[in-house]
Amino acid sequence: MDAHGGRLAVEVLQRHGVDAMFTLSGGHLFVLYDGAVQADLRLIDVRHEQTATFAAEGWAKVTRRLGCAAITAGPGVTNGVSAMTAAWMNGSPLVVLGGRAPQRRWGAGSLQELDHVPIVAPVTKAAVTATSGESIVAELDALCRAATTPHRGPVFLDIPLDAFGPAAVDVPAVDGPPRGDTPDPDAIAQVAKLVAAASRPALVAGGDVYWAGAEGALRAFVETARVPTFVNGMGRGTLPADHELAFSRARSIALKEADLVLVAGTPLDFRLGFGRFGDAQVVHLCDAASQVAAHADLAASIAGDLAQTFAALADAGAPSTDRNDWAARLRDDEEAKRAAEADGLAADADPIKPTRIYGELRKRLDRDAIVIGDGGDFVSFAGRVWETWEPGTWMDPGPYGCLGAGPGQAIGAKLAHPERQVCLLLGDGAFGFSGMEFDTMARHNLPVVAVMGNNGIWALEKHPMEWLYGYSVAADLRPGTRYDEVVRALGGHGELVERPDQLRAALARAFEAGRPALVNVLTDPAVAYPRRSSLA
Ligand SMILES: Cc1ncc(C[n+]2csc(CCOP(=O)(O)OP(=O)(O)O)c2C)c(N)n1
Ligand SMILES: [Mg+2]
């Protein structure tokens, strides 16, 4: 192809399955935009570079394809760093293109002259500066392959203004996304033996199971080996919540009493007690050797394509031990805890309990609705009670826990799946980081429905600080702020809900509005999320 560097870059991206570029303008990006216009690559312009990058991740998360953001030199790139870090910790495949001051004058003090590469290197799989049209093609192609190779993650390429010059370059063909390595048969045999011998096994399946498209193989393994299963993060929905071996509430008992815990496709981090589960033997199943926990005491591990791993473990056959009592014990605990939640989901207390909102949403949302959480306690509660039925339908910021990710992720999700409901659960504090993105949703006709738990505080910080210190500071917001009016001013639909009996009709109107909507629900600030540790 004989073209300028912007067009060449877009050609490489399209061959890697990119069909949307999330961006915020800056002169350093004009050539890239021209390339996008020439090749009909959709541009979605947002109001903050963090959103461009979060939206690219949201798009990747619901399509299981490579997401793409383009952000301008200097502050554009540094504004994208939190979202790149989140993608790094989530193992989300993402290519971020940055503008860059011209190389010819480097050091003379051009506008926004900053070497981005060392800033983003620790939070990307690879970060490179292009130097010419040829280099744009070669580097970008290699970076896209790296981003989509298990273990996946973000990559970064910045392109100096004077490296966009025309070039005649062969753009490499792309033969689908790369698969993971074939797992070692000896490691499979070792794990199969542990599984066969266990009497109280449990499995935790996380995001890399989803990214690998391994839900079918996971299910085959779970059903053959009769292993009670829990899911976390993007792993939610890989086994539907109503599967006979899917559990969520019984997690603490399961992980305390199990004699074997298999953790697949998610790190043994703080969310999993750093990999200690009572006296259980622990097995880590990862999509790449780099992901196997070095800090945990492992009985075994397997690194490689998770679909192949689960298929091979399923082939090992049925267990020799009887696990029915174990599964029944967990089912009793699960059912008891679900029954205890029923009152909260139906609560008609005034002020409104956040749980009532999820009760109403359950009735309103389809099985394939995409639910995104961005907030503190409001989202912790939701994560606990929300049932996920299908892969790729629950999204939270992940272990980096960056507030403000939600609107971008919702933009990416709705763009990828315009026919499905996209519901954004928002804290009133969280709204402040990316609230302007309702303008983006309105301009691009993305009717996301946001439901806000507006308690007038940063609850996830206020309650623990009061518990620890007997008082709190820097933890209050304005009670009753009319965020619904903000959204209306930005071209969306707004609803204010002050009493529980108003909730159902307000949600119905929001979902029927055909515009981005915010249902601003004034919730009870006294409700504190029950925490396992003081600094959750
Ligand atoms: C970017 C960022 N800043 C600060 C925090 C710390 N933090 C975690 S939850 C939380 C409170 C969120 O408040 P809100 O969105 O209103 O939800 P609530 O807890 O009140 O339900 C804060 C400040 C964070 N996780 N991310
Ligand atoms: Mg709040």
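Residue pairs whose Cβ atoms lie under 8 Å apart, separated by 6 or more positions or on different chains, with the first residue in region 63-77 and touching a residue at least 24 places away in the same chain (Cβ under 8 Å) and the second in a strand (DSSP E or B) and open to solvent by 10 Å² or more (accessible area, probe 1.4 Å), are Ala73/Arg100. In region 475-501, the residues that are small (Gly, Ala, Ser) reach residues that are buried (at least 17 other Cβ atoms within 10 Å of the Cβ) and assigned to a strand (DSSP E or B) with C-beta atoms within less than 8 angstrom, at least six apart or across chains, in these pairs: Ala475/Ile457; Gly480/Asn454; Gly480/Leu522; Gly492/Ala517; Gly492/Leu518; Gly494/Ala517; Gly494/Leu518; Gly494/Asn520. Would you check if Glu419 is within 16 Å of ligand 1 (Cβ to nearest atom) and not aromatic (Phe, Trp, Tyr)? Answer is no for this residue.
Which one of these is within 16 Å of ligand 2 (Cβ to nearest atom) and either closer than 20 Å to Thr51 by Cβ or open to solvent by less than 10 Å² (accessible area, probe 1.4 Å) (or both): Leu415, Leu424? Reasoning before the result, please.
Details: Leu415 fails: within 16 Å of ligand 2 (Cβ to nearest atom).
Step by step, each of Leu415, Leu424 is checked, and only Leu424 is within 16 Å of ligand 2 (Cβ to nearest atom) and either closer than 20 Å to Thr51 by Cβ or open to solvent by less than 10 Å² (accessible area, probe 1.4 Å) (or both).
From Val449, Val497, which residue is within 16 Å of ligand 2 (Cβ to nearest atom), of a type in the set (Val, Ile, Thr), open to solvent by less than 10 Å² (accessible area, probe 1.4 Å) and modelled with pLDDT of 95 or more?
Numbers: Val449 fails: within 16 Å of ligand 2 (Cβ to nearest atom).
Of the residues listed, the single one that is within 16 Å of ligand 2 (Cβ to nearest atom), of a type in the set (Val, Ile, Thr), open to solvent by less than 10 Å² (accessible area, probe 1.4 Å) and modelled with pLDDT of 95 or more is Val497.
Candidates are the residues of region 428-446 that are buried (at least 24 other Cβ atoms within 10 Å of the Cβ) and among the aromatic types (Phe, Trp, Tyr); the one that is farthest from ligand 1 (Cβ to nearest atom) is Phe438.
Could you grab me the full set of residues in region 456-493 that are in contact with a helix residue (DSSP H, G or I) (Cβ under 8 Å, 6 or more places away or on another chain), under 18 Å from Gly406 (Cα atoms) and either within 10 Å of ligand 1 (Cβ to nearest atom) or open to solvent by less than 20 Å² (accessible area, probe 1.4 Å) (or both)? The answer is Trp458, Ala459, Leu460, Val487, Gly492. Checking Ser534 against (1) of a type in the set (S, T, N, Q); (2) modelled with pLDDT of 95 or more; (3) assigned to a loop (DSSP other than H, G, I, E, B), which test does it fail? Unmet for Ser534, out of (1) of a type in the set (S, T, N, Q); (2) modelled with pLDDT of 95 or more; (3) assigned to a loop (DSSP other than H, G, I, E, B): (2).
Report whether or not Leu361 is in contact with a Cys (Cβ under 8 Å, 6 or more places away or on another chain) and either within 16 Å of ligand 2 (Cβ to nearest atom) or part of a helix (DSSP H, G or I) (or both). Spell out the reasoning first.
Values: in contact with a Cys (Cβ under 8 Å, 6 or more places away or on another chain): yes; either within 16 Å of ligand 2 (Cβ to nearest atom) or part of a helix (DSSP H, G or I) (or both): yes.
Spelling it out, Leu361 is indeed in contact with a Cys (Cβ under 8 Å, 6 or more places away or on another chain) and either within 16 Å of ligand 2 (Cβ to nearest atom) or part of a helix (DSSP H, G or I) (or both).
So that you can scan it fast, the table gives a plain yes or no per residue for (1) surrounded by fewer than 24 Cβ atoms within 10 Å (Cβ to Cβ); (2) closer than 24 Å to Val62 by Cβ:
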site	(1), (2)
His4	yes, no
Leu8	no, no
Leu13	no, yes
Gly26	yes, no
Arg42	yes, yes
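The values are calculated or read from the model by the stated rules, or taken from the named source; none is laboratory data. The model shown is predicted, which means the values in this text are computed figures rather than measured ones. As a convention, Cβ positions derive from the backbone with ideal geometry for all residues, glycine included, and neighbour counts pool all protein chains shown. Just so you know, the surface numbers come from the protein's heavy atoms only, side chains and all, with ligands and any DNA or RNA stripped out. Shrake-Rupley method; radii C 1.70, N 1.55, O 1.52, S 1.80 Å.
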